[in-house]
Amino acid sequence: MNRRGNLVTMKGNPVTLLGNEVKPGDKAPDFTVLTGDLQPFTLKDAGNKVKIISVVPSLDTGVCEMQTLRFNSEAEKLKDTIVLTISVDLPFAQKRFCQANQVNNVITLSDHKDLSFGLNYGFVMEENRLLSRGIVVVDRDNIILYVEYVKEVGNHPDYEKALKAAADLV
């Protein structure tokens, strides 16, 4: 298993990321995560739209909640773009979060079962089996155009850069 240390910190402490780091220009790796109804969801299921993949450790934390709400708000304005929020929260918790916060413009997906997304995209934090925070923008042909591994997990990602990268594709 590929280990990458010192790329990110959590509460100031370095964490080890597991999996394969992705870069702009790479073909987006496939993955299998679960929907709120426990159905498998793959990259192919996102169709041939531009994809914004918002990666969060847990929807039950403040920054993750704000990140998800921000993309839920932005998703209404985006043309031919699908927004996926992926965490290791259980699908039931994600569904409850979406209902409680009226999140209906993004698709929340759980990577708790196999860490398929996290390992294929290099977001798994070995120390706590959560996903690190970040954003991946993928074009219609499933080529990665933008990636951010947020340096401090407690900080917000650069929303504007990710949104511009997605908007430039439509």
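Each value in this text was obtained by applying a stated rule to the coordinates, not by laboratory testing. Note that the coordinates shown come from a computational prediction; the quantities given were computed from them, not determined experimentally. Positions of Cβ are generated from backbone atoms using ideal geometry, with glycine treated the same way; all protein chains shown enter the neighbour counts.
Odds and ends about this structure:
- Residue 164 paired with residue 101, simple spin-label distance in nm, labels 7 Å along Cα-to-beta-carbon: 2.6
- Relative to the Cα centre, the charge distribution of segment 34-147, modelled as +1 at Lys and Arg Cβ and -1 at Asp and Glu Cβ, gives a dipole magnitude of about 220 debye.
- Residues 92, 41 arranged by fewest to most Cβ contacts within 10 Å: 92, 41
- With the simple model of a label 7 Å out from the Cα in the direction of the Cβ, residue 65 to residue 9 spans 2.6 nm.
- Long-range amide H partners of residue 16 with built H, under 5 Å: 126, 127
- Mean separation of Cα contacts under 8 Å, 6 or more apart, over the residue count of segment 82-123: relative contact order %: 48
- Translational diffusion coefficient of the chain (Stokes-Einstein, Kirkwood radius from Cα pairs, 10 °C, 1.306 mPa s): 102 µm²/s.
- Protection proxy ranking, peptides 11-20, 58-67, average beta carbon neighbours within 10 Å, highest first: 58-67, 11-20
- Taking every alpha-carbon pair under 8 Å whose residues sit at least 6 apart, the chain reaches a relative contact order of 32 percent.
- Residue pairs exceeding 18 angstrom between C-alpha atoms, taken from 49/77; 49/151; 51/79; 11/51; 79/164; 51/161: 49/151; 11/51.
- Dividing the summed -39500 (n - 2.57) terms of all DSSP H runs of n ≥ 4 by the residue count of the chain sets its mean residue ellipticity at 222 nm at -7000 deg cm²/dmol.
- 15 Å beta-carbon shell around residue 170, net charge (K/R +1, D/E -1): 0
- Around residue 114: net Lys/Arg minus Asp/Glu count, Cβ-Cβ under 13 Å: 0
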